[in-house]
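J.: Once you've had a glance at the structure underneath, I'll fire off some questions.
The values are calculated or read from the model by the stated rules, or taken from the named source; none is laboratory data. Quantities reported herein were computed from a predicted structural model and do not represent experimental measurements. Virtual Cβ from ideal backbone geometry, glycine too; neighbours counted across all protein chains shown. For the accessible areas, the whole protein counts, side chains as well, though only heavy atoms, and no ligand, DNA or RNA atoms are used. Shrake-Rupley method; radii C 1.70, N 1.55, O 1.52, S 1.80 Å.
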Amino acid sequence: NYTLDTILEKARFLVRRFGVRGIVIDPWNRLEHQIPPAMTETNYIGACMDKLTNFAQREDVLVFIMAHPNKLKKRLGELEYDPPTGYDVAGSANFINKTDYGICVHRRKPLGYTEVHVQKVKFRHLGNTGVAKFKFNPFNGRYISINSESDPVVWEKENHLTSKN
């Protein structure tokens, strides 16, 4: 029975006993969710996000949630999907509305690389929105900058989030 409360209880133990500094919940949809009958899914997810934020602040840890998007649609004649945004996550827009950072890892299979889209940064002094492109190196199991193995990651200003219809 993996509910959010049982995971946070075990995480609290690990933080206090072993000094864990980060928690990853992956994937969100595998948790046992018990939405009260009178509560909408949006309100339930909002309450869960509040619980996670309070836990992270109280325990001074970083919490990552891996949540998958709704079924994406291809545009007519296109070979691949547009990268999803935080509003495309299955369940509720509260996944992006109530988070401090929104990051999307999007594989561009036909093009042979992966993009990391930083779509939301609540505190501007800690980062910016943008896109970085990486290729997977099967020989060492690492991702490298799309430009070359020695280039630093180059972030491109992301425009499609503001210009999307």
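J.: With contacts defined as alpha carbon pairs under 8 Å and 6 or more residues apart, what's the relative contact order of the chain in percent? Please list the in-between numbers first.
T.: On the way: 223 pairs, mean separation 23.4, N = 165.
The value is 14 percent.
J.: Where does the chain land at 222 nm, in deg cm²/dmol rounded to the nearest 500, when only DSSP H runs of n ≥ 4 count, each adding -39500 (n - 2.57), divided by all residues?
T.: Estimated from H runs of four or more residues: -7500 deg cm²/dmol.
J.: Against the longest principal axis of the chain, how steep is helix 41-59, in degrees 0 to 90 to the nearest 10, with axes from Cα atoms?
T.: On a 0 to 90 degree scale, this one is about 80.
J.: Ordering 101, 44 by accessible area with a probe of 1.4 Å, largest first, what comes out? Present the calculation step by step, with values, prior to reporting the outcome.
T.: Working: 101 90, 44 30 Å².
So, going from the largest accessible area down, we get 101, 44.
J.: Could you put 33, 117 in order of accessible surface area, largest first, with the 1.4 Å probe and the full protein assembly present?
T.: Details: 33 65, 117 5 Å².
Solvent-accessible surface, decreasing: 33, 117.
J.: In the calculated pair distance distribution of the range 1-104, what percentage of Cα-Cα distances lie above 23 Å?
T.: Beyond 23 Å sits 33 percent of the P(r) for the range 1-104.
J.: Rounded to the nearest 20 Debye, what is the dipole magnitude of the chain about its Cα centre when Lys and Arg each give +1 and Asp and Glu each give -1 at the C-beta?
T.: Details: 24 positive and 18 negative charges, 23 e Å.
Using Cβ point charges on Lys, Arg, Asp and Glu, the chain gives about 100 debye.
J.: If one takes the longest principal axis of the Cα atoms in the chain, at what angle in degrees, from 0 to 90 and to the nearest 10, does the Cα axis of helix 4-18 lie?
T.: The helix 4-18 is inclined about 90 degrees to the chain.
J.: Which of 56, 15, 43 sits farthest toward the positive end of the charge dipole of the range 5-61, with +1 on the Cβ of Lys and Arg and -1 on the Cβ of Asp and Glu?
T.: Ranked along the dipole, the leading option is 15.
J.: Related question: Looking at the range 1-118, what % of its DSSP beta bridges pair antiparallel, to the nearest 5? Write out the running numbers ahead of the final one.
T.: Working: 7 of 11 bridges.
Rounded to the nearest five, the antiparallel share is 65 percent.
J.: Follow-up. Of the residues 23, 35, 103, which exhibits the maximal mean-square fluctuation in a Gaussian network model of the chain defined by a 10 Å Cα contact cut-off?
T.: In this elastic network of the chain, the residue with the biggest mean-square fluctuation among 23, 35, 103 is 35.
J.: Whole number in Å², please: accessible area per residue of the chain, 1.4 Å probe, ligands, DNA and RNA not counted.
T.: On the way: 11580 Å² over 165 residues.
Here the per-residue accessible area is 70 Å².
J.: I'd like the accessible area for residue 39: 1.4 Å probe, protein heavy atoms, all chains in place, Å² to the nearest 10.
T.: Surface accessible to solvent at residue 39 totals approximately 70 Å².
J.: Express the carbon and sulfur contribution to the solvent-accessible surface of the chain as a percent, rounded to the nearest whole number, probe 1.4 angstrom. Write out the running numbers ahead of the final one.
T.: Values: 6030 of 11580 Å².
That fraction is 52 percent.
J.: Order 143, 113, 87, 81 by their accessible area, 1.4 angstrom probe, all chains in place, largest first.
T.: Numbers: 143 115, 113 40, 87 140, 81 90 Å².
Highest to lowest solvent-accessible surface, that is 87, 143, 81, 113.
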